[in-house]
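Here's the structure, in structure tokens; my notes come after.
The values are calculated or read from the model by the stated rules, or taken from the named source; none is laboratory data. Quick caveat, the model's predicted, so the values are computed rather than measured. Don't worry about glycine lacking a Cβ; one is built from the backbone with ideal geometry, like all the others, and counts go over all protein chains shown. With ligands, DNA and RNA removed, areas are computed over all heavy atoms of the protein, side chains included. Shrake-Rupley method; radii C 1.70, N 1.55, O 1.52, S 1.80 Å.
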Amino acid sequence: MWKELITQHAGEAEAAVEFTAPATDDALRAAVEVLGHPLPDKLVSMLRESNGIVGEYGFHLVSPLEKIVQRNVELRSSFSDLYMAFDQLLFFSDMPGNGDLFGIVLVPGQFDQVFLWDHETDSRRWAASSVEEFVERWLNGVIREQLDC
């Protein structure tokens, strides 16, 4: 499902994407153990098709599972004195070249929404209502226009 969706929108936007080998069930279980909470179902289904999706200029439209875990653990533990808590977001993608990150909301009732975290201001802005919409809007350039990226 994800490869078809991404390929379709990448083709419409004439953007190149690369898929990698799927994340293993063992790696997904280990990620849950390290993070201390379940991964969003849609992210899991995407990672089971491709453990990271490389987009234009080598940036990750979706980071590999290992990077998702490492980034979230680091932000939650090392930067808690600088920023608002990150426990309500699971970062899975980054804005190429500027340090801002996209995260899926982990708050019940708001699952699947995607927000952009600005690392300079610590603001969190809505980017998409679902991971699917994030992929579509990113590949079609809507997110960059909407968020002035």
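Solvent-accessible area of the chain (1.4 angstrom probe, protein heavy atoms only): carbon and sulfur portion equals 52 percent.
With the convex hull constructed from alpha-carbon coordinates only, the stretch 33-118 shows a mean projected area of 5.8 nm² over all directions. Between Ser63, Ser77, Ser130, the Gaussian network model of the chain with springs among Cα atoms under 10 angstrom shows the greatest mean-square fluctuation at Ser77.
From its DSSP helices (H runs of at least four residues, each -39,500 (n - 2.57)), the chain gives a residue-normalised ellipticity at 222 nm of -12000 deg cm²/dmol.
From the alpha carbon centroid of the stretch 21-47 to that of the stretch 78-149 is 19 Å. Accessible surface calculations at 1.4 Å, restricted to protein heavy atoms, place the stretch 109-149 at 49 Å² per residue.
Could you work out the equivalent-ellipsoid semi-axes for the chain, taking the square root of 5 times each eigenvalue of the Cα gyration tensor, largest first, in whole Å? Before the final figure, lay out each step's value.
Values: eigenvalues 98, 74, 36 Å².
Over the Cα atoms of the chain, the semi-axes work out to 22, 19, 13 Å.
Ranked by the mean number of other Cβ atoms within 10 Å of their residues, highest first, the peptides 43-52, 131-140, 79-88 come out as 131-140, 43-52, 79-88.
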